[in-house]
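Accompanying notes for the structure given below.
The values are calculated or read from the model by the stated rules, or taken from the named source; none is laboratory data. Here the structure is a predicted model, which means the values were calculated and not measured. Note that we place each Cβ from the backbone using ideal geometry, even for glycine, and neighbour counts take in every protein chain shown.
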Amino acid sequence: MQGFALYPFDPPGDIAALRADLRGWLTVNQPQDDVVARANCWASFDAGFSRALGAAGYVGMTLPARYGGGDRHLLERYVVIEELLAAGAPVGAHWIADRQTGPLILRYGSEAQRERYLPGIAKGELYACIGLSEPGAGSDLAAVRTTARETAEGWRINGQKIWTTGAHFSHIMLALVRTEEESERNAGLSQVLIDLDTPGITIRPIIDMAGHHDFNEVFFDDVLVPHGALVGERGQGWKQVTAELGLERSGPERYLSSHALLAALIDAAGPDPDPAVASLIGELTAEMWTLRQLSMSTAAKLAAGEDPMVEASVVKELGNAFEQDMPRRVQAIVDCAWEGSDDLARLLRALLIASPSFSLRGGTREIIRGIIARGLGLR
Amino acid sequence: MSASRDMLCDTARAVFAEAAAKGVAPVEEAGFGSLLVPEDQGGFGGDWCDANEVLQIAGVIVPELPVAEVIASEALQPAAMVSLMAGAMGQALALSIEHVNMRQQFGRPLGKFQAVQQSLAVMACEVRAVEAAAAALAVRLDVANLDPSVVGFEIAAAKLRANRAVGVVTSIAHQVHGAIGFTEEYDLHRVTIPLMRWRGTHGNDAHWAQILGRQVAGFGGRGLWEVMTARGA
């Protein structure tokens, strides 16, 4: 890995105005729901909010106008999503479609697929989930066994996906499946777009340890999708998925999921905080500021058409550590009852319980460190 | 990087290599004292992004010499130290990678072992974070025409972040090197001892954490985000 070069974060247009407009829009349109919903808000589903956000032009921003998108720069979208996350807006419904499925359909999809799906995504009305993990293929993604066999009528899909976030409210799944018989490991895989109302699909909830229903298991029993459901090139699924994961790993969600807790800590501390609390606020601020620089630089590199695979992994690794440590460090310093009813206590409890997932979703810590090590020239 | 900055860095490498044997005199004679002095005042007319590159090189080649004092004013020494630390950490990482790819145990290079790979990944993340902090601080200082009073937030954040990386970087670098890294003849201590010293120089963790924490407490919870976004991008 070469020494770090800071890519200048230089979006076109008036960024201060973009922020101000969005902040003004949020004061009117953001649901004033419970403060706990503002933490980890990219897992908060609110279709009404997503639709309103889409109507205001803040979803599908980088998609071309002919597909209903905003024709905006990638870094303008970055500014918008960091504002949404810092405000704790409930962006979970459209999050995956906006972040990765839409861009991937634009890049690899057929014209028919673009016309069919992108306008709904840009409206904040069409939601997507990602079919990667399977019972036997977690970190070892190349062990995928779900098959799609080409027949005269189309592709016949059999198998099972698991840990599929949002499958229960999504309209489509972009799935990694084995299209080539007898193929092994990362060869012979392809991506297919599956309408989730197709007969033969069963979606069952998996309730997580916080009592939430975010992820699911999805069963495919002889599911028939048209020939045109294939996305990109047959057999190139591994390459396409790897590119997709780069989009997934470096965004501001990797350090802003717990921002509501930092804000609550600062508000609870008041303008003249106890020295231990001041110290903690200082440390967390220094880490967050640095992460923001790394994340913006990585986004700028991505926007410049380069592949920041390793940088994206660095952002994810450091961001996950920051977000997992934050509630623990707050608890160590601030006297907060576990069952306390104030904002700080409730956010703290929610994030302590939610945070183990941070270094699992989007690639485990061990896999991410392996990618970084390879970037360093090891193994 | 611009061509003139490339040339500046080449000069710095050559001059610092000479200074490593002779002391700081060649650095002064080569005119690094006027690096930040505007051209119309007879200086080199460089900016802090230039200084950041030069100081990172100094952190690798001559960490024990007062190069930062030659280049920058007293008020900018904490900022200069972040660049020195980024350079020294980058060198500790480079030495560690070289060592684990070469040194064999159990019939294969250390770098083939997952435990070693994971350790070095952790270290690399810290090094990249400090490099990013130094680079972002440099951009901010240049926007502020090197007025440290306007950049107090970023100086505090960057020095604190650099300080907090020192423990991880020095301990992993020494751990993967084994006994050879603990010897006088091997180069690792030439960067790790300065890193240990610099954590407590121009403000240790507690110093900057208090300053930054009290400043941010004054912003309020929502205010932190508004201030951070107003100060860059």
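How many residues are facing chain B (nearest Cβ under 9 Å) and in contact (Cβ under 8 Å) with a residue 60 or more places away in the chain when one looks only at segment A:293-304? Give the steps one after another, and end with the answer.
Initial filter on segment A:293-304 (facing chain B (nearest Cβ under 9 Å)): A:293-294, A:296-297.
Filter once more, so that each one left must be in contact (Cβ under 8 Å) with a residue 60 or more places away in the chain: A:293, A:296-297.
Within segment A:293-304, residues that are facing chain B (nearest Cβ under 9 Å) and in contact (Cβ under 8 Å) with a residue 60 or more places away in the chain number 3.
Scanning segment A:186-222 for residues that are among the acidic types (Asp, Glu) and either out of contact with any helix residue (DSSP H, G or I) (no Cβ under 6 Å at 6 or more places or on another chain) or assigned to a loop (DSSP other than H, G, I, E, B) (or both), we see that the one that is nearest to A:Thr165 (Cα to Cα) is A:Glu217.
Selection over segment B:213-233 of residues that are farther than 20 Å from A:Met296 by Cβ, surrounded by 18 or more Cβ atoms within 10 Å (Cβ to Cβ) and at the interface with chain A (Cβ under 7 Å from one of its Cβ atoms) gives a count of 4.
Just need a number here: residues in segment A:198-232 that are acidic (Asp, Glu) and either under 19 Å from the mean Cα position of the chain (by Cα) or in the same structural domain as A:Ala93 (by TED's automatic domain parsing) (or both). Walk me through how you get there before you give the answer.
Within segment A:198-232, the first condition is being acidic (Asp, Glu), and the residues that meet it are A:208, A:214, A:217, A:221-222.
Filter again for either under 19 Å from the mean Cα position of the chain (by Cα) or in the same structural domain as A:Ala93 (by TED's automatic domain parsing) (or both), leaving A:208, A:214, A:217.
Going through segment A:198-232 one residue at a time, the tally reaches 3.
Scanning segment A:305-332 for residues that are assigned to a helix (DSSP H, G or I), more than 11 Å from chain B (Cβ to nearest Cβ) and either in contact with a helix residue (DSSP H, G or I) (Cβ under 7 Å, 6 or more places away or on another chain) or among the basic types (Lys, Arg) (or both) yields A:Met309, A:Ala312, A:Glu323, A:Gln324, A:Met326, A:Pro327, A:Arg328, A:Arg329, A:Val330, A:Gln331.
Every residue, every condition in (1) more than 14 Å from every other protein chain (Cβ to nearest Cβ); (2) over 28 Å from A:Ile105 (Cβ atoms); (3) small (Gly, Ala, Ser); (4) touching a residue at least 12 places away in the same chain (Cβ under 8 Å), yes or no:
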residue: A:Asn216; (1), (2), (3), (4): yes, no, no, yes
residue: A:Phe219; (1), (2), (3), (4): yes, no, no, yes
residue: A:His227; (1), (2), (3), (4): yes, no, no, yes
residue: A:Leu230; (1), (2), (3), (4): yes, no, no, yes
residue: A:Trp238; (1), (2), (3), (4): yes, no, no, yes
residue: A:Leu245; (1), (2), (3), (4): yes, no, no, yes
residue: A:Ala268; (1), (2), (3), (4): no, yes, yes, yes
residue: A:Pro271; (1), (2), (3), (4): no, yes, no, no
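Per-residue answers, yes or no, for (1) modelled with pLDDT of 95 or more; (2) within 30 Å of A:Gln324 (Cα to Cα); (3) buried (at least 16 other Cβ atoms within 10 Å of the Cβ); (4) not β-branched (Val, Ile, Thr):
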site	(1), (2), (3), (4)
A:Val192	yes, no, yes, no
A:Ile201	yes, no, yes, no
A:Arg204	yes, yes, no, yes
A:Glu217	yes, yes, yes, yes
A:Leu230	yes, no, yes, yes
A:Glu233	yes, no, no, yes
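Would segment A:156-173 turn up any residue that is of a type outside the set (Asp, Glu), modelled with pLDDT of 95 or more and touching a helix residue (DSSP H, G or I) at 6+ places or on another chain (Cβ under 6 Å)? Checked against the condition, which is being of a type outside the set (Asp, Glu), modelled with pLDDT of 95 or more and touching a helix residue (DSSP H, G or I) at 6+ places or on another chain (Cβ under 6 Å), segment A:156-173 yields no hits at all. When restricted to residues that are assigned to a loop (DSSP other than H, G, I, E, B) and more than 24 Å from A:Asp98 (Cβ to Cβ), segment A:166-183 contains 5.
Could you list, in sequence order, all residues of segment A:1-26 that are more than 10 Å from every other protein chain (Cβ to nearest Cβ), outside any helix (DSSP H, G or I) and either under 22 Å from the mean Cα position of the chain (by Cα) or in contact (Cβ under 8 Å) with a residue 24 or more places away in the chain (or both)? Passing the criteria: A:Pro12, A:Gly13. Across segment A:251-266, the qualifying residues are those that are touching a residue at least 12 places away in the same chain (Cβ under 8 Å) and within 7 Å of another protein chain (Cβ to nearest Cβ), and the one among them that is farthest from B:Val130 (Cα to Cα) is A:Ala264.
Are any of the residues in segment A:275-285 within 23 Å of A:Phe9 (Cβ to Cβ) and facing another protein chain (nearest Cβ under 9 Å)?
First, the residues of segment A:275-285 that are within 23 Å of A:Phe9 (Cβ to Cβ): A:284-285.
Keeping just the survivors that are facing another protein chain (nearest Cβ under 9 Å) gives A:284-285.
Yes.
Against the conditions (1) assigned to a helix (DSSP H, G or I); (2) more than 7 Å from chain B (Cβ to nearest Cβ), A:Cys336 satisfies every one except (1). Scanning segment A:27-50 for residues that are buried (at least 18 other Cβ atoms within 10 Å of the Cβ), within 13 Å of chain B (Cβ to nearest Cβ) and part of a helix (DSSP H, G or I) yields A:Val35, A:Arg38. Any chance segment B:4-26 includes a residue that's within 14 Å of chain A (Cβ to nearest Cβ), in contact (Cβ under 8 Å) with a residue 60 or more places away in the chain, not hydroxyl-bearing (Ser, Thr, Tyr) and not in a loop (DSSP other than H, G, I, E, B)? No: segment B:4-26 contains no residue that is within 14 Å of chain A (Cβ to nearest Cβ), in contact (Cβ under 8 Å) with a residue 60 or more places away in the chain, not hydroxyl-bearing (Ser, Thr, Tyr) and not in a loop (DSSP other than H, G, I, E, B). Taking segment B:65-151 and the helices (runs of 4 or more DSSP H) fully enclosed by it, the elements with 2 or more residues that are facing chain A (nearest Cβ under 8 Å) and not charged (D, E, K, R) are at B:77-102, B:114-143. Residues of segment A:1-31 that are under 24 Å from A:Ala122 (Cα atoms) and among the polar types (S, T, N, Q): A:Thr27, A:Asn29, A:Gln30. Of the residues examined, B:Arg197 is one that is more than 7 Å from chain A (Cβ to nearest Cβ), free of Cβ contacts under 8 Å to residues at least 24 places away in the same chain and closer than 16 Å to B:Ala86 by Cβ. Note on segment B:152-175: among residues that are surrounded by 22 or more Cβ atoms within 10 Å (Cβ to Cβ) and among the polar types (S, T, N, Q), the one that is nearest to the other protein chains (Cβ to nearest Cβ) is B:Asn163.
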